[in-house]
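Visitor: Okay, handing you the structure first.
The values are calculated or read from the model by the stated rules, or taken from the named source; none is laboratory data. Just so you know, these numbers come straight off a predicted model, no measurement behind them. All Cβ positions, even for glycine, are placed from backbone atoms using ideal geometry, and neighbour counts span all protein chains on display. We work out accessible area using only protein heavy atoms, side chains counted, and drop any ligands, DNA or RNA first. Shrake-Rupley method; radii C 1.70, N 1.55, O 1.52, S 1.80 Å.
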Amino acid sequence: MLPLRCPLPLLLLLLPLGSRPQKLPTRDEELFQMQIRDKAFFHDSSVIPDGAEISSYLFRDTPKRYFFVVEEDNTPLAVTVTPCDAPLEWKLSVQELPEEASGEGSGDPEPLEQQKQQITSEEGTELFSYKGNDVEYFVSSSSPSGLYQLDLLSTEKDTHFKVYATTTPESDQPYPELPYDPRIDVTSLGRTTVTLAWKPSPTASLLRQPIQYCIVINKEHNFKSLCAVEAKLSSDDAFMMAPKPGLDFSPFDFAHFGFPADNNSGKERGFLKSSKFGRQTSPKPRVDLHKVCIGNKNIFTVSDLKPDTQYYFDMFAVNTNTNMSTAYIGTFARTKEEAKQKTVDMKDGKVTDVFIKRKGAKFLRFAPVSSHQKVTFSVHSCLDAVQIQVRRDGKLLLSQSVEGVRQFQLRGKAKAKYLIRLKGSKKGASMLKILATTRPNKQSFPSLPEDTRIKAFDKLRTCSSVTVAWLGTQERNKFCIYKREVDDNYNEEQKKREQNQCLGPDTRKKSEKVLCKYFHSQNIQKAVTTETIRGLQPGKSYLLDVYVIGHGGHSVKYQSKLVKTRKFC
């Protein structure tokens, strides 16, 4: 049995059940069942149901026709066609029903093929036509009875589309209604963010229907429908999502797959005939397109955009009950330019302190006054790793991540100018010291071993002392060790926050100093030194720091070590 809300009838012989809202007459149920069993009846046509949106598919240059019947004069009618990823040509026409199919005749019905030919041999009266990619409507408060034909064609490419038709447009309202001002406003504009605001749909604010808003961002153009967006987001070529045979194909369509087509099928299509049967497909280029649905909010900030870039923004109100949508008037905006970076000039052999905001960057310039064979860059990252790039007269020479102390030696060139770009960490602000020199013996930063940890010997721990060791290098440097008593609940997270390697001994209290000594070893395997820190309190926790001080007076701190004396001895 058909549902109570029956479809707008197919062809001249499908006479629907009576329904008070639609004011449609009763139909001959036995005749309807006889026709629905005749598969040939559906070879060249499709039904548009009343009050439901259908999705379908068009092959390029292959027209498709849909039918529905309006059986009473003065019937309201609304038809909506939504192109997806290509412009459509479509027209709506009507022709009178023969008396035998009107429901008022008597006697046996005419044979099916005879009735079919009687209708399709006539062109009918054209009511509306359109060509383009807009969502377009035909609305009439008083439509004549008759057989309605909807003919569609895509001349650009294979494409999806949607059709919705109803005889009760006032009560259905499946598409969300737009506010009186359907524009999207750009309320705030930054280098990487754009804030959008829009007026809510009356469908949500007045009718209390469930509405959610979906924002679409891309760099190409605005979209007319959510259907068009979804087609672009599809990773496969649209052809691969063609309907399955038996659902939406006709013998005319099968010609594209090498199947023989009915010779009459092409002739019966009177609208926008085409003789092109070959199809060529090419992979779609990937589009930088993003869709995000945000519920019922009517303000949203789009983030992580690129500076000085034009973006297009579209907003769609989606009825979550019907899954049908309406597009607001899209807008576009260009993000602000990056703030022009000041370039800091570096002096030969002088250390430059640099502070970089989170995800920020700084630029420095080094222009040696004399000719040189080599140039050395020494970088001391105080906190997290930083990225360094060095260009000589525009040519990239170096791109590295630096953690701790690193030294880079590059080949020089007469009258060359070096541009240094330093990019900070994503975790937080970055601090560093950098030195450039053309004199290879001018080294301000001390050399460091690969491992800058301090090791504590648990077996040598007493109630008043701890013994620790650390690695040195082949270069003779001065090492100073400091201690600081901390609470028992002092943890690794607190220690991490204090790991600024650029803070030297001059920032420490004199009472925290344990000793300073010089140390090196020509055998790198034996470059290890130990020290016992005495005069500690039983059961107390201490934070130990070792500083290595270079010839230029600049220091680097090893990784801090948390130790605890024994409570009972």
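Visitor: From the set of residues in region 303-329 that are within 18 Å of the chain's Cα centre (by Cα) and closer than 25 Å to residue 180 by Cβ, which is surrounded by the most Cβ atoms within 10 Å (Cβ to Cβ)?
Guide: Once the filter is applied, the top-ranked residue is 314.
Visitor: What residue, of 143, 154, 171, is more than 19 Å from residue 88 (Cα to Cα), open to solvent by less than 20 Å² (accessible area, probe 1.4 Å), among the polar types (S, T, N, Q) and in contact (Cβ under 8 Å) with a residue 60 or more places away in the chain?
Guide: Selected residue: 143, the only one of 143, 154, 171 that is more than 19 Å from residue 88 (Cα to Cα), open to solvent by less than 20 Å² (accessible area, probe 1.4 Å), among the polar types (S, T, N, Q) and in contact (Cβ under 8 Å) with a residue 60 or more places away in the chain.
Visitor: Are any of the residues in region 495-510 more than 30 Å from residue 349 (Cβ to Cβ) and at pLDDT 90 or above?
Guide: yes
Visitor: Now for a separate question. Please indicate, with yes or no, whether at least one residue in region 149-159 is under 30 Å from the mean Cα position of the chain (by Cα) and assigned to a strand (DSSP E or B).
Guide: Yes, region 149-159 has at least one match.
Visitor: Given the criterion open to solvent by 80 Å² or more (accessible area, probe 1.4 Å) and within 29 Å of residue 432 (Cβ to Cβ), identify the matching residue among 482, 547, 518, 558.
Guide: After ruling out the rest, the residue left standing is 518.
Visitor: Let me ask something else about it. Evaluate the following for residue 376: is it in the same structural domain as residue 308 (by the TED database) and touching a Pro at 6+ places or on another chain (Cβ under 7 Å)?
Guide: no
Visitor: If you don't mind, there's one more thing I want to ask. Is it the case, given these coordinates, that residue 291 is open to solvent by 70 Å² or more (accessible area, probe 1.4 Å) and under 30 Å from residue 438 (Cα atoms)?
Guide: no
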